[in-house]
């Protein structure tokens with residue numbers, strides 16, 4: 001059981017950050033879109049997408065031993081989110097604040113993916 005603690009904590013952090021970002025982006029899409037130089041609809045859609053993801057990842061974090069296949073789904077999703085964030089920067093003209101926000105959140109999501117991978121390795125090594 002202890003071999004899953006690290007992974008479960010990282011998943012809980014991922015879920016909490018998805019929930020916080022999702023709520024903030026979906027409820028404040030218009031002002032954030034203006035500050036970031038991004039379409040409010042894009043900000044809102046991204047925020048709304050994060051809410052069910054937060055619930056799913058939170059559910060995984062609550063399992064005594066998160067199923068590795070489902071953790072891999074989260075990891076791949078996080079890597080995809082990171083890649084898409086940088087693609088967005090190349091295809092749009094955000095404000096400097098927007099570019100910084102998109103880049104920093106993408107790197108944070110990538111760091112979570114790396115920590116989740118490390119948690120899976122710890123779990124596998126203990127098995």
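Read the figures in this text as sums done on the coordinates, not as results from a lab. In this text, all values refer to a predicted model and were calculated from it rather than measured experimentally. Positions of Cβ are generated from backbone atoms using ideal geometry, with glycine treated the same way; all protein chains shown enter the neighbour counts.
Can you give the angle from 0 to 90° between the axis of helix 5-27 and the longest principal axis of the chain, with both taken from C-alpha atoms, to the nearest 10?
20
Pairing the Cα long axis of helix 40-62 with the longest principal axis of the chain, what angle in degrees results, from 0 to 90 and rounded to the nearest 10?
Value to nearest ten degrees: 10.
Considering Cα pairs under 8 angstrom that are at least six residues apart, work out the relative contact order of segment 35-127 and quote it in whole percent.
Result for segment 35-127 is 41 percent.
Direction-averaged shadow area of the convex hull around the Cα atoms of segment 2-61, nm²?
3.9
Relative to the first principal axis of the alpha-carbon coordinates of the chain, what is the inclination of helix 68-91, with its axis defined by its Cα atoms, in degrees from 0 to 90 and to the nearest 10?
20
Which distance in Å, rounded to a whole number, links the C-alpha centroids of segment 71-93 and segment 1-67?
Comparing the Cα centres of segment 71-93 and segment 1-67, I get a distance of 14 Å.
Please state, to two decimals, what the Cα-based radius of gyration of the chain comes to when divided by 2.2 N^0.38 Å (N = residues).
So the chain has a normalised radius of gyration of 1.12.
For segment 70-114, what does the relative contact order come out to in percent, with C-alpha contacts under 8 Å and a separation of six or more? List each step's numbers first, then the result.
Values: 26 pairs, mean separation 26.6, N = 45.
Once divided by the residue count of segment 70-114, the mean separation gives 59 percent.
Given the DSSP H assignment, sum -39500 (n - 2.57) over each helix run of at least 4 residues in the chain and divide by its residue total; what's the result at 222 nm in deg cm²/dmol, nearest 500?
It comes out at -30000 deg cm²/dmol, rounded to the nearest 500.
How big is the convex hull of the Cα atoms of segment 31-93, per residue, in Å³?
Once divided by residue count, the hull of segment 31-93 is 79 Å³.
Which peptide among 45-58, 85-98 comes first, and what is the full order, when sorted by highest mean count of other Cβ atoms within 10 Å?
45-58, 85-98
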